[in-house]
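First the structure, which I've put down as structure tokens, then a few questions once you've had a look.
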Amino acid sequence: MADRPSFYITTPIYYVNAAPHLGTAYCTILCDVMARYKRSMGYDVKFLTGLDEHGEKVQQAAEAHDMTPQAWCDSLAPAFTDIWKTLEISNDDFIRTTQERQVKAVQHLWERMREAGYIYKGSYDGWYCVPEETYFTDTQVKKADEERHTEGQHLCPDCGRSLERVQEESWFFKLSAFQDRLLALYDEHPDFVMPDFRMNEVRTFVEGGLRDISVSRTSFDWGIPVPFDDKHVTYVWFDALLNYATAVGFGNPDMADEFAFRWPAQFNVVGKDIIRFHCVIWPAMLMAIGEAVPEHVFAHGFLMVHDDETGKNVKMSKSLGNVIAPQDVVDMLGVEGYRYYFMTDCVPGEDGGISFGRMEQVYNADLANSWGNLVSRSLNMSAKYFDGCTPTLPEGWADAESPLREIAQGIVGRYAAHMDKVEYVAAKDVVMELVHAANHYIEDSMPWAVAKDPERAGELAQIMANLLEAIRICAHLLEPFMPETSAEVLRRMSLADEADTQDLEACCAWGGLAGGVPVTKGDALFPRLQSQK
Ligand code: ME8
């Protein structure tokens with residue numbers, strides 16, 4: 001295998017019950033930014049996303065469209081792959097749970113579970129929420145109904161929608177046996193769940209005691225058959241969670257080396273709605289079969305939309321039907337502006353309200369007026385004063401003191417400390433400090449005045465070199481957020497070869513600029529948005 005360390009990151013696999021929306025795209029871009037950043041830090045990255053195609057919810061969506069579940073999934077899958085392409089998602093693999101590799105891996109899981117003695121046959125009698133694909137006990141439902149004053153109606157404690165009563169023969173997973181081991185995992189690896197306030201939530205839940213869970217269904221058939229009991233299909237979550245392992249060769253002898261290299265994953269990134277599955281059930285499943293658990297589960301918050309009826313912010317969700325299509329935002333901000341806004345204005349761990357006004361504000365302030373303006377002004381000046389080129393670099397120019405050089409010293413370290421913890425807002429601030437300083441530097445050093453005096457040609461070359469060098473470094477650091485813009489900026493400075501670096505630290509060392517090479521002025525990178533209001 002490769003000599004570089006592996007970095008394996010995953011998104012949740014999305015239900016194929018409707019087209020992707022801003023929320024699903026949010027999580028996928030969040031992972032893409034991390035994947036791109038880690039590639040630039042020299043890791044051998046595998047970035048996985050995909051689709052969760054089994055279960056009652058998908059089956060019902062298919063029925064509502066008068067299609068078989070498989071035909072329905074096949075018809076909707078391109079809606080996901082197309083938008084990921086539009087949004088410049090750099091995933092290395094795309095898994096669908098109806099693929100042969102997943103069927104084989106899930107069946108292997110069943111065999112391993114049986115050998116390990118952590119499953120048994122019983123019967124389930126309780127509630128089931130189809131939109132959440134989750135079981136609830138009588139006690140849980142009664143308590144939630146009382147709190148909500150539902151007056152005899154039984155609603156899902158999590159999402160408030162109607163529940164199904166399910167009574168069926170079922171295989172159970174002995175989750176209850178893992179309480180101590182899970183608590184030990186949380187103690188030994190306090191950053192297993194990130195951000196840390198989510199860890200407390202998970203720990204409290206596990207301390208409250210765990211119940212065995214039903215992991216097969218007999219009342220419908222859209223799932224992976226249990227290999228030793230053909231009346232049963234696998235519960236959709238028991239199937240879905242395994243996808244992360246399937247994609248790197250779990251249970252496949254031909255991929256043993258790949259599995260050894262890639263497993264465990266560094267990051268399973270999920271929304272806060274599904275942390276119990278990922279931070280409790282998933283590690284317990286892996287412990288049961290003796291496989292390592294992921295290093296981190298990062299739970300992000302929700303994108304919320306304003307509900308005019310209640311006056312409250314509610315989660316944007318396919319099932320609630322209040323979604324905004326990514327294309328609507330792309331039409332307004334462009335792909336790069338879209339990615340930048342969601343990644344740098346919404347704190348990844350927290351809920352974020354969507355506002356078109358705020359999008360415009362951030363786009364105009366940071367991209368049109370600051371970053372875009374800096375690039376066009378500087379490249380225009382360079383082309384004008386140096387005959388369409390970057391300046392010939394003065395001897396020892398990179399050692400000359402300048403406010404920009406000072407900020408650029410150690411910038412990768414400051415940026416990386418935030419990126420590693422998914423603190424994208426703070427990482428962006430580190431870069432924007434240099435962008436703003438460069439804009440001030442233009443005002444303070446007044447290259448247009450210096451250019452008038454032929455005796456100050458050396459000074460002019462130094463000023464422009466400092467500016468272009470700051471731009472070069474910012475382009476590299478902004479690449480995970482806005483890949484195409486960064487590639488374009490580097491192209492305009494005849495530095496296309498530097499894009500896709502695998503050594504960000506060396507690449508961003510002050511002094512890497514190419515002197516005397518052509519610069520392209522080009523169109524504005526971020527034309528200012530004029531409010532519709
Ligand atoms: O839960 N804001 O799939 P799903 C931010 N198939 N993120 C949001 C969001 C919002 N308003 N709405 C959805 C499933 N998401 C399972 C996962 S994994 C083994 C199986 C994102 O289609 C968020 O990341 O309901 C959430 O966890 C995910 O979409 C759920 O997608």
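The values are calculated or read from the model by the stated rules, or taken from the named source; none is laboratory data. Small disclaimer: the values here were computed from a predicted structure and weren't measured. FYI the Cβ positions are ideal-geometry reconstructions off the backbone, even for glycines, and counts take in every protein chain you see.
Look through Ala299, Ala260 and report the one residue that is surrounded by fewer than 16 Cβ atoms within 10 Å (Cβ to Cβ) and either more than 16 Å from the ligand (Cβ to nearest atom) or assigned to a strand (DSSP E or B) (or both). Spell out how you get there, then give the answer.
Values: Ala299 fails: surrounded by fewer than 16 Cβ atoms within 10 Å (Cβ to Cβ).
Criteria check complete, one pass: Ala260.
Let me ask something else. Within region 346-370, count every residue that is part of a helix (DSSP H, G or I) and among the acidic types (Asp, Glu).
Initially, region 346-370 is screened for residues part of a helix (DSSP H, G or I), giving 356-370.
Retained after the next criterion (residues that are among the acidic types (Asp, Glu)): 360, 366.
So the count comes out to 2.
Conditions first: (1) crowded, with 18+ Cβ neighbours inside 10 Å; (2) away from the ligand (no atom under 11 Å from the Cβ); (3) within 30 Å of Ala487 (Cα to Cα). Asp44 passes all but one, so which condition is the exception?
Unmet condition: (1).
When Ile89 is evaluated against the numbered criteria (1) over 17 Å from the mean Cα position of the chain (by Cα); (2) under 30 Å from Met304 (Cα atoms); (3) not in a helix (DSSP H, G or I), which criterion, by number, is the only one it fails?
Status for Ile89: all satisfied but (1).
Turning to a different aspect of this structure: Test each condition in (1) modelled with pLDDT of 95 or more; (2) small (Gly, Ala, Ser); (3) not in a loop (DSSP other than H, G, I, E, B) for Gly23 and report the one that comes out false.
For Gly23, the failing item is (1).
In addition: With the condition kept exactly as written, say whether any residue in region 334-345 is of a type in the set (Val, Ile, Thr), buried (at least 17 other Cβ atoms within 10 Å of the Cβ) and outside any helix (DSSP H, G or I). Steps first, answer last, please.
Let us first name the residues in region 334-345 that are of a type in the set (Val, Ile, Thr), namely 335, 344.
Then drop every residue that is not buried (at least 17 other Cβ atoms within 10 Å of the Cβ), which leaves 335, 344.
Now restrict to residues that are outside any helix (DSSP H, G or I): none.
No - not one qualifying residue is present in region 334-345.
Can you name the number of the only condition in (1) assigned to a loop (DSSP other than H, G, I, E, B); (2) touching a Leu at 6+ places or on another chain (Cβ under 6 Å) that Ala265 fails?
(2) is the only condition that Ala265 fails.
Please find, within region 1-20, the residue that is farthest from the ligand (Cβ to nearest atom) out of those that are assigned to a strand (DSSP E or B) and of a type outside the set (Phe, Trp, Tyr).
Let us first name the residues in region 1-20 that are assigned to a strand (DSSP E or B), namely 6-15.
Narrowing further to those that are of a type outside the set (Phe, Trp, Tyr): 6, 9-13.
Numbers: Ser6: 20, Ile9: 13, Thr10: 8, Thr11: 7, Pro12: 4, Ile13: 5 Å.
By that ranking, first place goes to Ser6.
Also, quick follow-up: Conditions: (1) free of Cβ contacts under 8 Å to residues at least 60 places away in the same chain; (2) in contact with a His (Cβ under 8 Å, 6 or more places away or on another chain). Asp74 meets all but one. Number of the miss?
(2)
Okay, next question. Can you report the number of residues in region 167-180 which are closer than 19 Å to Ser216 by Cα, surrounded by 17 or more Cβ atoms within 10 Å (Cβ to Cβ) and of a type outside the set (Lys, Arg)?
Adding up the residues that qualify gives 5.
Looking only at region 181-197, decide whether some residue is in a helix (DSSP H, G or I), modelled with pLDDT under 95 and away from the ligand (no atom under 16 Å from the Cβ). It would help to see each step written out before you state the result.
If we filter region 181-197 for residues that are in a helix (DSSP H, G or I), which is where we start, we get 181-188, 196-197.
Those still in the list that are modelled with pLDDT under 95 too: 196-197.
From what's left, away from the ligand (no atom under 16 Å from the Cβ): 196-197.
Among the residues of region 181-197, at least one is in a helix (DSSP H, G or I), modelled with pLDDT under 95 and away from the ligand (no atom under 16 Å from the Cβ), which makes the answer yes.
I'd like the full set of residues that are at positive phi and either part of a strand (DSSP E or B) or at pLDDT 95 or above (or both), limited to region 506-533. Steps first, answer last, please.
Our first condition is that a residue be at positive phi; within region 506-533, this holds for 511, 516, 522.
Gly511, Gly516, listed by residue number.
Right, here's the next one. What tally of residues in region 306-336 results from selecting those that are under 24 Å from Val58 (Cβ atoms) and without any contact (Cβ under 8 Å) to a residue 60 or more places away in the chain? I'd like the intermediate steps shown before the answer.
Here is the first cut: in region 306-336, the ones under 24 Å from Val58 (Cβ atoms) are 314-327.
After this cut, where a residue has to be without any contact (Cβ under 8 Å) to a residue 60 or more places away in the chain as well, the list is 314, 320-322.
Result for region 306-336: 4.
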